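Reviewing the structure listed below.
Derivation of every value follows stated rules applied to the coordinates shown; laboratory data play no part. Just so you know, these numbers come straight off a predicted model, no measurement behind them. Backbone-built Cβ (ideal geometry, glycine too); neighbour counts: all protein chains shown.
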Amino acid sequence: MLAVNASVNFYMFHGGTSFGFTAGSNLGSTFQACPTSYDYDAPLTEAGDPTPKYYAIRETIGKFFPLPPGPVPQPAPKMKLPPIALKRVMSIWDYIDKVNNSVFSVYPLSFEKLFHPFGFVLYKVTVPFQPTDPALLTVKDIADRAHIYVNKVLQGVLSRELKIESLPIQVLKSQEIEILVENQGRVCAGNINDQKGIFQNVTLGSQTLLNWTMIPISLASTSIQQIESLGGQATESNSISVPAFYSGEFTIPNSSQVLDTFLKLDGWHKGVAFLNEFNLGRYWPIMGPQITLYAPSILFRKSPASNNITLLELENSPCHNNDTCTVEFMDTPTVNGDTPQY
């Protein structure tokens, strides 16, 4: 192609990062959520560093066209920090009580009808009859992933990706079913009709559940700042009860230059990470392939100012003791880890 002066398109030439809730999803034979990193095995990483692929491309182009003079910039140095201790600040249930922005409807409403495009919505309903034991809870076309609770006790998970729409649960009359639904990213291609949340009838056994309370969960920077402010009062450092917010404060050593780095979450399972109220994105290291989250230097505060790291952990925390209730910033990324599901 180059010999005949044909044009070549690179996708992607520079890897990117889908900060916040901007990571999308793919929809072929099944739904697949994209990771936060859009590194894509690109010639330049999401941190802007050249890779072996970059040098191979440069060498190939150099056989047909003159290359710019001068050396290729080397990978920029990265920052590594000591482990940062986190403490459990509050459960998501306590946070929802403080939010106080409930919406009521006979039938469940989608994220779109709730004007809540990203993140999470909690759906709640009281069971008005005595169901069988167990009773089959069915949520057709769930979008995209839902943790099912009865009186705030986890029963299981529904998943669009795994095509799991039903779950046998034990629930009594007058108990409450809570469904925490996560938008895992809108489909990147095709028609614009990728609704999120619950938009079909929910049944328990053969009966349709009516009269729903829905609570859009704001994770805006102001909300995270309020959670961080409670971090200094937190004493539950060894609490593993989830879903919950965990937060920790740290200062970059005076001798350290503030550089790009990568957040590593050993022992944490699935959630969202915030650095100084900035949403670094979703993490799910137990599913891979992304293990670390890219954290640009511009997000950090120089010493003597303090920094905050906050997690919303949905499934499991390593906080059975203080030594493991930590996160780290590393100087090397891991975006091609194991994927046990595939």
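Modelled this way, with points 7 Å down the Cα-to-C-beta line, the labels at residue 208 and residue 339 are 3.9 nm from one another. Highest-first packing order for the peptide set 155-167, 72-84 is 155-167, 72-84, based on the mean count of other beta carbon atoms within 10 Å. The phi torsions of segment 269-276, fed into the Karplus equation with coefficients 6.51, -1.76 and 1.60 and a -60° offset, translate into couplings of 9, 7, x, 10, 10, 10, 10, 6 Hz, rounded to whole numbers, with Gly and Pro shown as x. About its Cα centre, segment 203-332 has a charge dipole of approximately 260 debye under the convention of +1 per Lys or Arg Cβ and -1 per Asp or Glu Cβ, with nothing else charged. The alpha-carbon atoms of segment 146-258 define a convex hull whose volume equals 219 cubic angstrom per residue.
Other residues whose C-beta falls under 12 angstrom from the C-beta of residue 17 contribute a net charge of -2, scoring Lys and Arg +1 and Asp and Glu -1. Using only the alpha carbon atoms of the chain, find the Kirkwood hydrodynamic radius as the inverse mean reciprocal pair distance, in angstroms to one decimal. After inverting the mean inverse Cα-Cα distance, the result is 22.1 Å. Selection among 324, 219, 149 by position relative to the dipole of the chain gives 219 as farthest towards the positive end (Cβ unit charges, Cα centre).
When the alpha carbon gyration tensor of segment 39-116 is reduced to an equivalent ellipsoid, its three semi-axes come out at 51, 23, 9 angstrom, largest first.
Seen from residue 131, the other residues with C-beta closer than 14 Å to its C-beta sum to a net charge of -1, counting Lys and Arg as +1 and Asp and Glu as -1.
Taking a point 7 Å out from the Cα of residue 29 in the direction of its Cβ, the residues of segment 308-342 whose backbone N falls within less than 15 Å of it are 342. The share of alpha-carbon pairs in segment 3-145 lying farther apart than 19 Å comes to 75%. Counting only cysteine Cβ atoms and a cutoff under 4.7 Å, the chain contains unmatched residues 34, 188.
For segment 244-342, the equivalent ellipsoid derived from the alpha-carbon gyration tensor has semi-axes of 23, 16, 12 Å in decreasing order.
Taking 7 Å steps out from each Cα toward its Cβ at residue 74 and residue 162 produces label points 4.6 nm apart. Fully extending the segment from residue 249 to residue 266, taken as 0.36 nm per residue of separation minus the present Cα-Cα distance, adds 4.3 nm. Distance from the alpha carbon centroid of segment 38-58 to that of segment 123-188 works out to 42 angstrom.
Note on residue 188 and residue 97: the extension gain reaches 29.3 nm, defined as 0.36 nm multiplied by sequence separation minus the Cα-Cα distance.
The slack in the chain from residue 200 to residue 5, taken as 0.36 nm per residue of separation less the alpha-carbon distance, amounts to 64.7 nm. Counting only DSSP H runs of at least 4 residues, each contributing -39500 (n - 2.57), and dividing by the residue count of the chain, the helix-based mean residue ellipticity at 222 nm comes to -2500 deg cm²/dmol.
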